[in-house]
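Scroll down for the structure; my scribbles are underneath it.
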Amino acid sequence: MDQRTYDVGLEAIKAAPPVSVGAMTLAGLQLSDLVLLVTLLYTVMQLLVLWRDKFGGANCLRRIGRWLRRRA
């Protein structure tokens, strides 16, 4: 990758947050709505990571089902 391509990519990355906030504002969403959506997404992602670490991988639903059947 040459320097010019690198510089253009870097400037595009730097411009992305203000451009996206401006586009959302023009679409009718306020900045507070955007912050709320990003916070909700971050919280869901953290819950999924916690769930994966706590119950472990793909078999977690099967284990939860067995645990619930033992309790009933």
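FYI, it's all coordinate maths here, none of it is from the lab. Owing to the predicted nature of the structure, the values given are computational and were not obtained by experimental measurement. Counting neighbours? That spans all protein chains shown, and the Cβs are built from the backbone with ideal geometry, glycine included.
Note on Ser32, Ser20: ascending count of other Cβ atoms within 10 Å places them as Ser32, Ser20, the fewest first. Rounded to the nearest 20, the size of the Cβ-charge dipole of the range 3-71 about its Cα centre is 1000 debye, with Lys and Arg at +1 and Asp and Glu at -1.
Counting other Cβ atoms within 10 Å as a rough exposure proxy, the listed residues Met45, Met24 run Met45, Met24 from fewest neighbours to most. Anisotropy class assigned to the chain is oblate, per the alpha carbon gyration tensor with a/c at or over the 1.5 cut-off and a/b no larger than b/c. Look at Asp33, Asp53 and count the other Cβ atoms within 10 Å of each Cβ; fewest to most, that gives Asp53, Asp33.
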